[in-house]
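Presented below is the structure to which this report refers.
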Amino acid sequence: MIRFSRAMSYAALVFVAAVSLGVPQAYGDETCNSPYVTKLIKGQEDYVYVWALGVEGLGDGSDKMVTVDVNPRSKNYGKAIQRVSVGSRGEAHHMGFTDDRRFLWAGGLENSRIHVFDIATDPGKPRLVNTITNLAEKTGYVGPHTYYALPGRMLVQALSNARDKGGVTGMALYNNKGDFIASYAMPVDNGGDGYGYDLAVNPRKNVLLTSSFTGYNNYMRSLGEVVKDPEAMKRFGNTMLIWDLKAMKPQKVFSVPGAPLEIRWSLKPGDNWAVAATALTSKIWLVKQDAKGEWQAKDVATIGDPTKIPLPVDISITRDGKGLWVNTFMDGKTRYFDLSNPEAPKQTYEKQTGKQVNMISQSWDGKRVYITSSLLANWDKGGADNEQFLRGFTWNGKELKQVFEVDFTAEKLGRAHHMKLGSKALRTAYTRPETSRQLALNR
């Protein structure tokens with residue numbers, strides 16, 4: 001449990017106050033952001049920030065933040081307009097905004113560095129302003145994966161540990177300046193396997209939900225080797241956990257076989273349920289309170305043909321909680337599920353959007369969808385199937401139509417992985433550091 005000493009700063013007290021007041025969840029992937037992130041983009045976004053893995057011999061070979069202009073009215077529409085290299089190659093993976101949306105934290109699964117970019121001074125030109133290198137030293141964890149904003153702080157979920165590079169891991173809490181505050185181990189008792197992956201918060205219910213994947217020894221090997229190694233295949237997470245958010249204590253472990261990855265809470269007011277997809281068993285799982293108020297997890301839908309291991313990798317929920325996009329890496333397909341009844345999701349659409357696809361993000365209004373290609377450097381396909389791109393699509397409710405593509409290999413940008421949306425309007429949105437915290441408390 002967090003002990004609120006003076007050393008933990010005013011931000012920690014603001015966090016507890018925000019939870020107690022029931023800060024409403026953010027609507028926006030705008031749909032996968034923390035509910036504490038302010039200044040959501042509800043109109044036309046101007047930029048997509050892409051965190052790209054460096055490739056030896058391609059450009060400078062380093063991981064980099066790539067800014068793509070995605071405003072159809074711009075003369076640079078559909079083009080990469082800036083790249084910021086971090087000067088190293090560390091398996092670039094995920095990223096997340098700070099609560100005030102001034103900074104974007106992005107990390108590497110191999111070197112465990114966390115790079116902080118200023119996106120407020122000039123949203124079209126992110127600047128690298130800090131690199132945090134003490135995750136392993138402070139916590140014993142490596143492989144920072146998820147960056148989740150809390151008021152004045154960032155909660156980082158790791159995938160592995162420095163001792164044996166296995167899947168037993170935990171979370172680290174930093175303030176927005178990058179100072180370490182506390183760590184929380186993923187439980188290995190009462191059914192817990194110690195594994196971690198994603199995390200997502202429901203403030204009104206004082207709930208933190210976490211999922212699980214695998215450790216460094218697996219994600220840094222080739223996928224072909226892992227699949228053929230029976231022992232390696234045993235080293236994947238099979239749990240999700242409900243935590244008491246304020247106390248940061250695990251409350252209940254769910255058995256969710258097959259590596260449950262991304263977590264998405266319904267954003268519809270009054271809904272108190274979340275969904276996740278399992279990579280190895282191709283299932284959609286629902287986490288919801290039952291009639292007695294007890295949290296339960298159950299398998300509610302199948303994605304594609306599980307015998308072919310389509311490998312669901314990312315999901316994106318619509319702002320009304322009635323639809324879910326699912327990307328499957330192996331078959332390169334994007335599927336849409338009707339979530340009108342979350343107890344029984346139904347697939348209503350599918351399209352092959354690449355030879356390999358990974359992340360999917362959508363605009364607040366649901367009219368635009370963005371897709372990237374890379375999963376992990378050693379898991380991506382080879383030869384002609386190794387497409388590396390950001391593709392933009394429009395969605396009219398019936399059909400995805402591709403409207404642009406940035407070829408990351410041709411432009412020597414690397415492997416395109418995670419995305420976040422940006423807007424020119426955010427340049428002047430900030431007046432003082434405490435603004436976003438006060439906004440969160442007043443929402």
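Our note on the geometry: Cα centres of segment 375-418 and segment 69-134, 18 Å apart. Once the C-beta distance of Asp305 and Glu399 is scaled by a Förster radius of 22 Å, the resulting FRET efficiency is 0.45 to the nearest 0.05. Scalar couplings 3J(HN,Hα) for segment 44-56, obtained by applying the Karplus form with A = 6.51, B = -1.76, C = 1.60 to θ = phi - 60°, are 6, 6, 9, 9, 10, 8, 10, 8, 10, 6, x, 10, 4 Hz; x denotes Gly and Pro.
For Thr348 and Leu128 in the same chain, what is the full-extension length gain: residue separation times 0.36 nm, less their Cα-Cα distance, in nm?
Length gained, Thr348 through Leu128: 75.0 nm.
Residues Met95, Met330, sorted by accessible area with the largest first, give Met330, Met95 [1.4 Å probe; ligands and nucleic acids excluded].
Rounded, prolate or oblate: which fits segment 37-129, taking a ≥ b ≥ c as square roots of the Cα gyration tensor eigenvalues, rounded meaning a/c under 1.5, else prolate when a/b beats b/c? Because a/c hits 1.5 or more and a/b fails to exceed b/c, segment 37-129 counts as oblate. The amide H of Lys283, built 1.01 Å from its N in the peptide plane, has Thr278, Ile303 as neighbours under 5 Å, considering only residues 5 or more places off or on other chains. Magnitude of the charge dipole for segment 225-274, about its Cα centre and with charges confined to Cβ atoms of Lys, Arg (+1) and Asp, Glu (-1), is about 200 debye. Using θ = phi - 60° in the Karplus curve 6.51 cos²θ - 1.76 cosθ + 1.60, the 3J(HN,Hα) couplings for segment 176-185 round to 5, 7, x, 7, 6, 10, 7, 10, 9, 6 Hz; x is entered for Gly and Pro. For the residues Gly422, Gly96, Gly43, a GNM of the chain with alpha-carbon springs under 10 Å puts the largest fluctuation on Gly43. What number comes out for the charge environment of Glu294, summing +1 per Lys or Arg and -1 per Asp or Glu over other residues with Cβ under 15 Å away? Surrounding charge for Glu294 is +3. Put the Cα centre of segment 149-213 next to the Cα centre of segment 39-56 and the gap is 24 Å. Each residue of segment 213-230 is assigned a 3J(HN,Hα), and the resulting list reads 9, 7, x, 3, 4, 8, 6, 9, 8, 6, 4, x, 5, 4, 5, 8, 9, x Hz, derived from the Karplus form 6.51 cos²θ - 1.76 cosθ + 1.60 (θ = phi - 60°), x at Gly and Pro.
Per residue, the average separation of C-alpha pairs within less than 8 Å and at least 6 apart gives the chain a relative contact order of 16 percent.
Using the empirical formula 2.2 N^0.38 Å as the baseline, the Cα radius of gyration of segment 165-313 reaches a ratio of 1.08. With the highest mean first, a sort of the peptides 72-85, 50-63 on other beta-carbon atoms found within 10 angstrom per residue produces 50-63, 72-85. Close amide H partners of Gln388, meaning residues 5 or more places away or on another chain with modelled amide H under 5 Å apart, are Phe408, Thr409.
Under a 10 Å cutoff between Cα atoms, tell me which one of Gly321, Gly107, Gly191 has the largest fluctuation in the Gaussian network model of the chain. Evaluated over the chain, the most mobile residue of the options is Gly191. Rolling a 1.4 Å probe over the protein heavy atoms of the chain, with every protein chain left in place, gives an accessible area that is 48 percent carbon and sulfur.
At a probe radius of 1.4 angstrom, the accessible area of the chain per residue rounds to 38 square angstrom.
The values are calculated or read from the model by the stated rules, or taken from the named source; none is laboratory data. Nothing here was measured: the structure is a model prediction, and the numbers come from that model. Positions of Cβ are generated from backbone atoms using ideal geometry, with glycine treated the same way; all protein chains shown enter the neighbour counts. With ligands, DNA and RNA removed, areas are computed over all heavy atoms of the protein, side chains included. Shrake-Rupley method; radii C 1.70, N 1.55, O 1.52, S 1.80 Å.
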